[in-house]
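Engineer: Next up is a structure, given as structure tokens.
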Amino acid sequence: MNAITQTYVISAKDVTRTYQSVQGDVVGLQPITFDIAPGSFIAFKGRSGSGKTTLLNCLGGLDAPTGGDLRVFDTDMSAMSDDYRTKWRRQHVGFIFQQMGLLHRFSAYENLDVMARLGQVPRRERKERILHSLSLVGLRDYIDHRPFEMSGGQQQRVAIARALVAQPKLILADEPTSELDSETTHEILEVFRTIVDEQGVTFLLSSHDPIVDEYVDDTIFLTKH
């Protein structure tokens, strides 16, 4: 292991992402360079179209960078096959999306159980992991509630617990508070902060919300030319 990966869990150098279209190449992410230490809570900010979501997708193995060098947990994110990328993502990364993506016919418990299975959590550990994850976000008593029976903030907490259930080392959240009021936003960000401090995970989120600045360790700004 080299000196960089001993210090940083993520190292990006001139990372770019370009998409092809009938009109020609479309730049989804301008060159960006940064390093992130383990157990950090980091925000990505920038104007609409600056590539925040594209960057998170590259970091989480949902997409591959087309330029530069991106290493996450000492893995070259440009060199993985699609099958390996899927396996790697399920083992190492938890996602929290803006639209939450909860299965509305499933209870909170069942939503987490689906993710636990995808993350290959051993059957004998699933129940304990699910209940522990729901307890971390204050929803231990909501295991049988379906999303439509919960508030927006409670639904987001289920989405957070779902991201935690496979015990990932990295959590990525894309505009996770954009649909929430300021009071609920503070509550959710406090949950994020607690997870980072108590679980030691590395937590990266994209946001335009100034409230985020009160909770994160640092902010990385993306530019759009």
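Engineer: Just give me the residues in segment 55-69 being closer than 10 Å to residue 17 by Cβ, in a strand (DSSP E or B) and charged (D, E, K, R), in sequence order.
Structural biologist: If the condition is that a residue be closer than 10 Å to residue 17 by Cβ, in a strand (DSSP E or B) and charged (D, E, K, R), then no residue fits.
Condition check ((1) surrounded by fewer than 20 Cβ atoms within 10 Å (Cβ to Cβ); (2) within 30 Å of residue 137 (Cα to Cα); (3) in contact with a helix residue (DSSP H, G or I) (Cβ under 7 Å, 6 or more places away or on another chain); (4) at pLDDT below 85) across all residues:
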residue: 24; (1), (2), (3), (4): yes, no, no, yes
residue: 76; (1), (2), (3), (4): yes, no, no, no
residue: 86; (1), (2), (3), (4): yes, yes, no, no
residue: 113; (1), (2), (3), (4): yes, yes, yes, no
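Engineer: Kindly indicate the residue of segment 32-41 that is more than 14 Å from residue 169 (Cα to Cα) and not aromatic (Phe, Trp, Tyr) and also surrounded by the fewest Cβ atoms within 10 Å (Cβ to Cβ) among those meeting that condition.
Structural biologist: Among those residues, the one meeting the criterion is 33.
Engineer: So if I check each of 49, 94, 101, which one is in contact with a strand residue (DSSP E or B) (Cβ under 7 Å, 6 or more places away or on another chain), touching a residue at least 12 places away in the same chain (Cβ under 8 Å) and of a type in the set (Gly, Ala, Ser)?
Structural biologist: Matching residue, one of 49, 94, 101: 94.
Engineer: Before we move on, is residue 173 surrounded by 15 or more Cβ atoms within 10 Å (Cβ to Cβ), part of a strand (DSSP E or B) and either at pLDDT below 90 or of a type outside the set (S, T, N, Q) (or both)?
Structural biologist: Against the criterion (surrounded by 15 or more Cβ atoms within 10 Å (Cβ to Cβ), part of a strand (DSSP E or B) and either at pLDDT below 90 or of a type outside the set (S, T, N, Q) (or both)), residue 173 qualifies.
Engineer: Among the residues of segment 36-54, count how many are within 13 Å of residue 209 (Cα to Cα), in a strand (DSSP E or B) and more than 13 Å from the chain's Cα centre (by Cα).
Structural biologist: Selection size over segment 36-54: 1.
Engineer: Please state which one of 135, 206, 151 is crowded, with 24+ Cβ neighbours inside 10 Å and among the small types (Gly, Ala, Ser).
Structural biologist: 206
Engineer: Quick test for you: out of 162, 157, pick the one residue that is touching an Asp or Glu at 6+ places or on another chain (Cβ under 9 Å) and either of a type outside the set (Ser, Thr, Tyr) or under 23 Å from residue 106 (Cα atoms) (or both).
Structural biologist: The conditions single out 157.
Engineer: Then there's this: Can you tell me how many residues in segment 176-203 are of a type in the set (Val, Ile, Thr), crowded, with 16+ Cβ neighbours inside 10 Å and in a helix (DSSP H, G or I)?
Structural biologist: Matching residues across segment 176-203 total 6.
This table checks each residue for (1) within 14 Å of residue 169 (Cα to Cα); (2) among the polar types (S, T, N, Q).
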{"residue": "90", "(1), (2)": "yes, no"}
{"residue": "95", "(1), (2)": "yes, no"}
{"residue": "101", "(1), (2)": "no, no"}
{"residue": "104", "(1), (2)": "no, no"}
{"residue": "107", "(1), (2)": "no, yes"}
{"residue": "111", "(1), (2)": "no, yes"}
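Engineer: Looking at this structure, is residue 83 on the phi < 0 side of the Ramachandran plot and over 17 Å from the mean Cα position of the chain (by Cα)?
Structural biologist: In short, yes.
The values are calculated or read from the model by the stated rules, or taken from the named source; none is laboratory data. These numbers were taken from a predicted model, which means no experiment stands behind them. Quick reminder, even Gly has a Cβ in these numbers, built from the backbone with ideal geometry, and neighbours come from all protein chains shown.
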